[in-house]
Amino acid sequence: MTKIAVIVAVAQNGVIGRKNDIPWRLSEDFAHFKKLTMGCPCIMGDITFESLPEKSRPLPGRENIVLTFDKEYHPEGTTLFYSFEEAIDYVKKKDLDTAYIIGGSSLYKLGMEVADVFELTRIHQDIEGDVYYPEINWDDWELVKQVDQEGINKISGEPLSFSFLTYHRKR
């Protein structure tokens, strides 16, 4: 059965976005995201889909599953759903290794309830933003892998430390 994974980068203060964009640019994090999600379905909200760079929309090499309430919304190259549960049922029936929930915040909240795996890039700095990751019940998760990294924030030009953290749901 397909595992459900949530993948997200979160600043130390819980920020995940600012003005419908990621408020930092780390080449290493983009490469990590691509490596993990390539070939896997990626479930996202319509706002997240629209926030992707035009040249990366839809995300190449992945089925882009977009959730929307707008019955008139039909972006090219996507599979549309109007319910989170239907999208999850759809990917589970595909019997793939993993499907990823990639945002936004309301899908992350729903995703944390059903996910088997939580792929967290923890940015070790407070970053200004207007979108925050939902509360996490850490009692549900076990850290199974940690890789500490240093990179350059391409927005500020400053060094930025971060960690790739993989958690599995405790059973």
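The values are calculated or read from the model by the stated rules, or taken from the named source; none is laboratory data. The structure displayed is predicted, hence computed values, not measured ones. As a convention, Cβ positions derive from the backbone with ideal geometry for all residues, glycine included, and neighbour counts pool all protein chains shown.
Working only within the range 74-104, note down all residues that are farther than 14 Å from F49 by Cα, of a type in the set (D, E, K, R) and in contact with a Pro (Cβ under 9 Å, 6 or more places away or on another chain).
Result: K94, single match.
Go through the range 122-171 and give me each residue that's without any contact (Cβ under 8 Å) to a residue 40 or more places away in the chain, in contact with a strand residue (DSSP E or B) (Cβ under 7 Å, 6 or more places away or on another chain) and among the aliphatic types (A, V, I, L, M).
L143, V144, V147, listed by residue number.
Using beta carbons and a limit of 7 Å, which pairs, at least six apart or on different chains, have the first residue in the range 96-117 and part of a helix (DSSP H, G or I) and the second one small (G, A, S)?
Listed pairs, sorted by first residue: S106/G45; L107/G45.
Considering each residue of the range 95-118, count those that are touching a Lys or Arg at 6+ places or on another chain (Cβ under 7 Å) and surrounded by 14 or more Cβ atoms within 10 Å (Cβ to Cβ), and give that number.
Matching residues across the range 95-118 total 4.
Being among the hydrophobic types (A, V, I, L, M, F, W, C) and part of a loop (DSSP other than H, G, I, E, B) is the filter; apply it to the range 48-68 and report the residue that is nearest to A115 (Cα to Cα).
Within the range 48-68, the match that is nearest to A115 (Cα to Cα) is L59.
Restricting the first residue to the range 12-25 and requiring it to be part of a loop (DSSP other than H, G, I, E, B), which pairs with a second residue that is among the acidic types (D, E) meet a Cβ separation below 6 Å and a spacing of at least six or different chains?
Here the result reads Q12/D126; N13/D126, each pair linking the range 12-25 to a residue that is among the acidic types (D, E).
Mind telling me which of the residues K35, K71 ends up being outside any strand (DSSP E or B) and at pLDDT 95 or above?
Every option except K35 fails the conditions.
Just to be sure before I move on: is E158 within 18 Å of the chain's Cα centre (by Cα) and of a type in the set (D, E) in the structure I sent?
So E158 fails the test.
Restricting attention to the range 123-142, which residues are in a strand (DSSP E or B) and over 18 Å from the mean Cα position of the chain (by Cα)?
Within the range 123-142, just E142 meets the criteria.
Go through the range 95-112 and give me each residue that's closer than 15 Å to T37 by Cβ and over 15 Å from the mean Cα position of the chain (by Cα).
Answer for the range 95-112, where residues must be closer than 15 Å to T37 by Cβ and over 15 Å from the mean Cα position of the chain (by Cα): L96, D97.
Condition check: touching a strand residue (DSSP E or B) at 6+ places or on another chain (Cβ under 7 Å), farther than 19 Å from F118 by Cβ and surrounded by fewer than 12 Cβ atoms within 10 Å (Cβ to Cβ). Does S27 satisfy that?
yes
Taking the range 38-47, which residues are outside any strand (DSSP E or B) and touching a residue at least 40 places away in the same chain (Cβ under 8 Å)?
C40, P41, I47
Would you point out the residue of the range 51-78, among those that are surrounded by 14 or more Cβ atoms within 10 Å (Cβ to Cβ) and touching a residue at least 24 places away in the same chain (Cβ under 8 Å), that is farthest from F164 (Cα to Cα)?
Top of the filtered list is Y73.
Can you tell me which residue in the range 119-155 is nearest to L165 (Cα to Cα), limited to those that are exposed (fewer than 12 other Cβ atoms within 10 Å of the Cβ) and among the charged types (D, E, K, R)?
Residue satisfying both the conditions and the ranking: K145.
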